[in-house]
Amino acid sequence: MKKFILIVAAALAFASVACAQPRAVGVRFGYGYEAQYQHYLGNITFLDVTTGLDAAGDNGIKATGTFNWELFSPSWGGNGTWLWYAGPGATIGYVNCGTKGNDPGFMIGLVAQVGCEYTFNFPMSIAADLRPVIGYHAGDDHFYRAGMMGLLPTFSVKYRF
């Protein structure tokens, strides 16, 4: 577990000093609570890395990274900007996957993310997204359930710098 946390911390530290592109840090909540780091790699692509407690804190810890594309940015008025995005990614963690939450084990999977974000005219943004997971859970030798683990909407609040 210490190695896992160290790897996640090192990845976040490396990403934060990689280059001087727009970035954001915040919290993502819905089916659990996650710390979030967002880093733009170009004009229309960005990396979104999250790590935190899965299933409201009682079912484990996981880290997820997605590579997103800006799909479109409508001008719906107001002082801020809207952005629709989507992209693939991967997740890894140690979670409970049993039907009664009593089957802990290592989990690895693929994710897809689609969402909408509003950036205010000051350095803050809010977003809502869906991020279903399909993968493998080593605790009980079956595919990781995608159902409630990613089909619930999640919300995030980020500080942009």
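The values are calculated or read from the model by the stated rules, or taken from the named source; none is laboratory data. Since the model is a prediction, treat every value here as computed from it, not as a measurement. When we count neighbours, we look across all protein chains shown, and the Cβ atoms used for this are built from the backbone with ideal geometry, even at glycine.
Filter the stretch 36-49 for residues that are assigned to a strand (DSSP E or B) and surrounded by fewer than 16 Cβ atoms within 10 Å (Cβ to Cβ) and give the result.
Once the filter is applied, which keeps residues that are assigned to a strand (DSSP E or B) and surrounded by fewer than 16 Cβ atoms within 10 Å (Cβ to Cβ), the stretch 36-49 yields only T45.
Six or more apart or on different chains, Cβ atoms under 9 Å: show the pairs whose first residue is in the stretch 31-58 and at pLDDT 95 or above and whose second is part of a loop (DSSP other than H, G, I, E, B) and among the aliphatic types (A, V, I, L, M).
H39/A18; L47/L41
Restrict the check to the stretch 93-110 and report whether at least one residue is out of contact with any Cys (no Cβ under 7 Å at 6 or more places or on another chain) and either closer than 16 Å to Q38 by Cα or modelled with pLDDT of 90 or more (or both).
no
Given (1) among the polar types (S, T, N, Q); (2) out of contact with any strand residue (DSSP E or B) (no Cβ under 7 Å at 6 or more places or on another chain); (3) modelled with pLDDT of 90 or more, where does N79 come up short, assuming only one miss?
For N79, the exception is condition (3).
Do you know which of the residues in the stretch 125-136 that are within 16 Å of F29 (Cα to Cα) and of a type outside the set (V, I, T) is surrounded by the most Cβ atoms within 10 Å (Cβ to Cβ)?
Among those residues, the one meeting the criterion is R131.
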